[in-house]
Amino acid sequence: MSLTGQISAEMFFVDRLRPEPLQMQLAASIISAILDTRAQPGTRMPSTRALAAHLGISRLTVTLVYQELAAQGYLTSLPRSGFAISEKVPHRRLDQADPAPAVQVDWAARLPDLTSRRQIHKPLDWRSYPYPFIYGQADPRLFNHVAWRDCARRALGAREFAELADDRLTQDDPVLVDYICRNTLPRRGIRARPEEVLITLGAQNALWIAIRLLARQDRMAVMEDPGFPDFAETLRLHGMPIHYGRSDAEGLEPADLPATTGLVLVTPSHSIPAGLTMTLERRNALLAAAQAGDFIVIEDDYDFEMSFLEPPSPSLKSLDRAGRVIYVGSFSKSLFPGLRIGYLVGPEPFIRQARALRAMMLRHAPAHMQRVTGYFLALGHYDAHMVRRREVFRKRRETMVAALAETPVQIVGAAKHGGSSLWVAAPEGVDSGALARALRDQGVLIEPGHPFYRSPPAVCQTFRLGYASIADGAIAEGIARIGRMAAQLARES
């Protein structure tokens with residue numbers, strides 16, 4: 001191979017502020033430079049010493065990157081002369097001529113507007129705030145990374161690779177499904193066979209599949225108000241009219257359901273966002289109404305694992321004798337949201353159709369991630385994780401309740417069994433949206449209540465405070481800042 005010059009070290013860069021390891025950043029930078037510049041085979045790379053000095057990193061790091069890229073075919077090692085661009089560089093980019101001007105598609109006229117829907121907004125950089133009272137995020141300090149890595153190593157081993165690398169068509173991982181049937185569901189009083197369980201990409205995917213199958217334009221869907229905005233938006237997308245049911249401290253009132261009810265969506269263990277728990281009397285009344293009115297109930301049983309004050313109430317599905325409850329569960333909240341592993345439980349005919357519908361979107365959730373999760377559950381790591389979380393959350397809630405007592409902010413909703421958030425109200429005249437904007441400058445994040453209401457009041461006082469991810473030592477000061485700002489805005493209103 002003839003040598004044809006040298007690439008300048010100035011073409012490569014790393015950023016110590018980024019979370020990716022320096023070795024990974026450097027490899028990506030070199031690959032990008034090779035492909036973008038269409039460097040000719042034989043072009044020399046900077047010496048390891050020169051590139052390390054330019055980037056301010058270890059020479060060993062550069063050497064390891066060069067050797068790895070040589071193994072991948074991007075570079076070739078020169079005897080006693082460093083490294084050069086290989087003749088076997090994969091995936092060379094093609095030149096593209098500038099396209100000729102053309103009439104652009106009017107996408108606004110062709111597509112439904114889903115971006116303006118009612119939704120909960122959470123900043124992606126929430127970890128950079130010292131006082132993030134954000135619900136649904138994970139605290140990595142509570143997670144057993146060693147155990148998870150061990151489960152991943154097992155799932156990625158050569159012995160299991162062939163099985164998990166296959167296209168499993170519409171089937172889910174038997175290890176995960178078996179654990180859900182034998183351990184997870186019995187703890188909620190539910191008995192189910194593998195044919196009655198479908199793995200989904202989180203609870204959100206499970207809810208979409210269930211609503212897609214059950215929505216009817218000639219019947220009414222009922223949900224709580226305030227409630228989960230994605231319930232309403234998914235129902236609206238499928239053309240099903242919505243009735244916002246009256247709820248009180250005991251939960252949704254079945255006596256007020258319209259005669260044309262065809263579908264009811266509830267979060268009985270921990271209502272969204274207030275955290276209220278539906279009483280056993282209301283649960284039985286809802287099931288009786290479903291039988292009398294011939295409608296189906298979708299139960300989202302999220303957050304029941306965080307029961308550190310008292311045992312969770314029985315699930316609706318466990319009380320159902322007529323097969324009218326479709327149960328939605330998830331490991332994304334209890335482990336970490338990026339996992340995106342949830343499940344649907346229902347009668348076999350329903351799950352058969354749900355599996356067929358899922359296959360039109362995706363064959364199944366990633367098999368390796370299903371197996372890693374299955375091992376994490378089966379080997380006892382999940383139960384240990386839940387014990388650790390419950391104890392930490394109990395202390396955080398106690399700290400938050402005590403701190404709120406010293407402020408004008410009032411608790412108006414909380415799950416009696418525990419949970420991971422509180423539903424609170426600012427003083428009269430203080431809008432939670434304005435409060436949230438003012439608090440950001442002080443490093444505090446809260447979740448305004450507006451998206452949870454069908455028609456939020458002109459001055460929406462309510463907002464949600466999560467304590468799953470905020471550090472224990474930051475709670476008291478964060479609440480104090482909320483209280484001071486709420487008092488200031490109340491005086492100004």
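Worth a mention:
- Restricting attention to region 465-493 and to residues that are farther than 19 Å from residue 428 by Cβ and of a type outside the set (A, V, I, L, M), the residue that is surrounded by the fewest Cβ atoms within 10 Å (Cβ to Cβ) turns out to be 473.
- Residue match in region 237-260 (condition: surrounded by fewer than 21 Cβ atoms within 10 Å (Cβ to Cβ) and of a type in the set (Val, Ile, Thr)): yes
- Lone unmet requirement of (1) surrounded by fewer than 21 Cβ atoms within 10 Å (Cβ to Cβ); (2) closer than 30 Å to residue 143 by Cα; (3) in contact with a Ser or Thr (Cβ under 7 Å, 6 or more places away or on another chain) for residue 401: (3)
- Only one of the numbered conditions (1) assigned to a strand (DSSP E or B); (2) within 22 Å of residue 313 (Cα to Cα) is not met by residue 386, and that is (1).
- Residue in region 328-339 that is under 18 Å from residue 295 (Cβ atoms), in contact (Cβ under 8 Å) with a residue 24 or more places away in the chain and surrounded by fewer than 22 Cβ atoms within 10 Å (Cβ to Cβ) present: no
- Looking only at residues of region 452-473 that are in contact (Cβ under 8 Å) with a residue 12 or more places away in the chain and part of a helix (DSSP H, G or I), we find that the one that is farthest from residue 270 (Cα to Cα) is 472.
- Checking each residue in region 58-67 for being exposed (fewer than 15 other Cβ atoms within 10 Å of the Cβ) and in a helix (DSSP H, G or I) picks out 59, 60, 67.
- In region 358-369, of all residues being surrounded by 15 or more Cβ atoms within 10 Å (Cβ to Cβ) and aliphatic (A, V, I, L, M), the one that is modelled with the highest pLDDT corresponds to 369.
- When residues in region 138-171 are screened for being more than 14 Å from residue 372 (Cβ to Cβ) and outside any helix (DSSP H, G or I), 8 of them pass.
- Residue check for residue 219: over 25 Å from the mean Cα position of the chain (by Cα) and surrounded by fewer than 14 Cβ atoms within 10 Å (Cβ to Cβ): no
- Any hit, region 117-132, residues being farther than 30 Å from residue 478 by Cα, outside the structural domain of residue 237 (by TED's automatic domain parsing) and either without any contact (Cβ under 8 Å) to a residue 60 or more places away in the chain or hydroxyl-bearing (Ser, Thr, Tyr) (or both): no
- Looking across region 340-358 at every residue that is of a type in the set (A, V, I, L, M, F, W, C) and touching a strand residue (DSSP E or B) at 6+ places or on another chain (Cβ under 8 Å), the one that is nearest to residue 201 (Cα to Cα) is identified as 341.
- Residue 152 among the small types (Gly, Ala, Ser) and surrounded by 15 or more Cβ atoms within 10 Å (Cβ to Cβ): yes
- In region 1-57, residue farthest from residue 79 (Cα to Cα) [restricted to those that are basic (Lys, Arg) and not in a loop (DSSP other than H, G, I, E, B)]: 49
- Residues of region 48-57 satisfying the condition of being surrounded by fewer than 17 Cβ atoms within 10 Å (Cβ to Cβ), touching a residue at least 24 places away in the same chain (Cβ under 8 Å) and closer than 14 Å to residue 81 by Cα: 50
- Members of region 452-464 that are polar (S, T, N, Q), over 25 Å from the mean Cα position of the chain (by Cα) and crowded, with 16+ Cβ neighbours inside 10 Å: 461
- Subset of region 394-446 [in a loop (DSSP other than H, G, I, E, B), among the aliphatic types (A, V, I, L, M) and touching a residue at least 60 places away in the same chain (Cβ under 8 Å)]: 409, 414, 415, 426, 430, 446
The values are calculated or read from the model by the stated rules, or taken from the named source; none is laboratory data. Treat the numbers as computed from the prediction; the structure is a model and nothing was measured. So basically every Cβ, Gly included, is an ideal-geometry build from the backbone, and we count neighbours across all protein chains shown.
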